[in-house]
Amino acid sequence: MYTKEQASQLKQAFWTAFGQYMGPVLSAEGLRTNWINYKTGVKHIFFRMQADNKTASIAIEIAHPDKELQQLFFEQFDSYKTMLHSTLDEDWQWQLHTTDEYGKTISRIYTELTPVSIFQKEDWPKLISFFKPRIIALDEFWSDAKAAFEV
């Protein structure tokens, strides 16, 4: 078992390593990108990568405070589902109106990897191999689809 500080240091070490690994990778538009804190450029839409002691996930999160508008964004993504899954080369799970770890209502389109632990350095290659192609594919999808989500 790790103390909170040790856990925090291990997480930070992983994300730093991942960021350095992804540093040379350019976006679909040929730009340098902060892959860990990916900016979609559309308010209330986020690409999130998360890992803990059991699972890793990568997700499109729609966090609009108005549930009806959140649902409209979700439905808009649904109209791009074939393109998204084709770009990702896999099907993801779709959740309309779930709650995040803070109790806030969000909608998610995501995939998970289990069992892996960010606290086990021997799992880091699996985590990197999980996150890298998916965040790159999300970026590729977003470069084609983003205009439809801008207001």
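The values are calculated or read from the model by the stated rules, or taken from the named source; none is laboratory data. None of the values given here were measured: they were computed from a predicted structure. In this analysis, Cβ positions are derived from the backbone assuming ideal geometry, glycine residues included, and neighbour counts consider all displayed protein chains.
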Task: Among (1) at pLDDT below 95; (2) hydroxyl-bearing (S, T, Y); (3) crowded, with 16+ Cβ neighbours inside 10 Å - the single one S8 does not satisfy - done: (3)
Open item on the list: Restricting to the stretch 11-57, name every residue that is surrounded by fewer than 11 Cβ atoms within 10 Å (Cβ to Cβ), free of Cβ contacts under 8 Å to residues at least 12 places away in the same chain and not charged (D, E, K, R).
Closed with: Q12, Q20, P24, G30, L31
Open item on the list: Can you find, within the stretch 28-76, the residue that is modelled with the highest pLDDT among those that are small (G, A, S), within 15 Å of the chain's Cα centre (by Cα) and part of a loop (DSSP other than H, G, I, E, B)?
Closed with: A63
TODO: Tell me, please, whether a residue that is basic (K, R) and not in a helix (DSSP H, G or I) can be found in the stretch 1-13.
DONE: no
Open item on the list: Going through T114, T105 one at a time, which residue ends up being modelled with pLDDT of 95 or more, touching a His at 6+ places or on another chain (Cβ under 6 Å), more than 18 Å from T16 (Cβ to Cβ) and not hydrophobic (A, V, I, L, M, F, W, C)?
Closed with: T105
Open item on the list: Just to be sure before I move on: is L72 buried (at least 19 other Cβ atoms within 10 Å of the Cβ) and of a type outside the set (K, R) in the structure I sent?
Closed with: no
Open item on the list: Could you check the stretch 113-150 and list, in sequence order, the residues that are outside any helix (DSSP H, G or I), in contact (Cβ under 8 Å) with a residue 24 or more places away in the chain and exposed (fewer than 15 other Cβ atoms within 10 Å of the Cβ)?
Closed with: T114, P115, E150
- [ ] Starting from the stretch 86-104, take each residue that is over 22 Å from F130 (Cα atoms) and list its partners that are loosely packed, with under 12 Cβ neighbours inside 10 Å, counting only C-beta distances under 9 angstrom and pairs at least six apart or across chains.
- [x] L96/E75; K104/P65
